[in-house]
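Here is the structure we will look at, set down as structure tokens.
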Amino acid sequence: MGIGSIWPGIISEPRRKCFFGIIKDGSDGSVSLGTIFSISPNYLLRIRNEKNKYNKVLLIGDFCFRKAK
């Protein structure tokens, strides 16, 4: 129940693809324009300004697993 209640979309395959796609694309230190445009400006700024890598992953998870579809 723990992580499912925090990120209800974690069981959705398209949302997991969103999460892992962003993580994979940014793992080398650069991010493609397609990935940048797929993230809402609010989350993009929050992720960019965050110094802690763990918190960046949490923000990416929030974006992918909590966004309304």
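Read-outs: derived from the displayed coordinates by stated rules, not from any lab. What you see is a predicted model, and the numbers here were worked out from it, not measured in a lab. Note: ideal-geometry Cβ built from the backbone for every residue, glycine included; neighbour counts use all protein chains shown.
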Evaluate region 49-56: report whether one residue or more is exposed (fewer than 11 other Cβ atoms within 10 Å of the Cβ) and polar (S, T, N, Q). yes
Just for region 6-53: of the residues that are in contact with a Ser or Thr (Cβ under 9 Å, 6 or more places away or on another chain) and in contact (Cβ under 8 Å) with a residue 12 or more places away in the chain, which one is nearest to Phe65 (Cα to Cα)? Cys18
Please determine, by comparing only the residues of region 25-69 that are assigned to a helix (DSSP H, G or I) and among the acidic types (Asp, Glu), which one is farthest from Ser12 (Cα to Cα). Asp25
